[in-house]
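Below you'll find the structure, written out as structure tokens, and then a few comments.
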Amino acid sequence: METKARSWAKSVVWRLLGFLILGVISYLFTGNWSESIGISSAFNLIRLVLYYYHERLWLKIHWGREVTAATRAPQIELSKSSFKP
């Protein structure tokens, strides 16, 4: 299972890449760096938050996951003989 910090880190890195790409594309259309930065900032801030919650939601969905020995929770067997009064 991923930690919340890892999900945030993945989201931030992904959005930084998106910020750069959209910033350049916006500049090519507007010819104005201020407008390009504003457009890219608003868009990527929204996407950053949406991506984080999207990742956290998918962690709760078990469909399509394979259970392996590494991901299986350890089984603890308790018998009557293991309890001593």
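The values are calculated or read from the model by the stated rules, or taken from the named source; none is laboratory data. Just so we're clear, the structure is a prediction, and the values are computed from it rather than from any experiment. In this analysis, Cβ positions are derived from the backbone assuming ideal geometry, glycine residues included, and neighbour counts consider all displayed protein chains.
Listed values, structure above:
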item	result
Only listed residue being within 18 Å of the chain's Cα centre (by Cα), modelled with pLDDT of 85 or more and either outside any helix (DSSP H, G or I) or of a type in the set (A, V, I, L, M) (or both), chosen from HIS54, HIS62	HIS62
Where a residue in segment 23-41 is without any contact (Cβ under 8 Å) to a residue 24 or more places away in the chain and its partner, wherever it lies, is of a type in the set (Val, Ile, Thr) and not in a helix (DSSP H, G or I), with Cβ under 6 Å and at least six apart	none
Any hit, segment 4-24, residues being under 17 Å from the mean Cα position of the chain (by Cα), assigned to a loop (DSSP other than H, G, I, E, B) and at pLDDT below 90	no
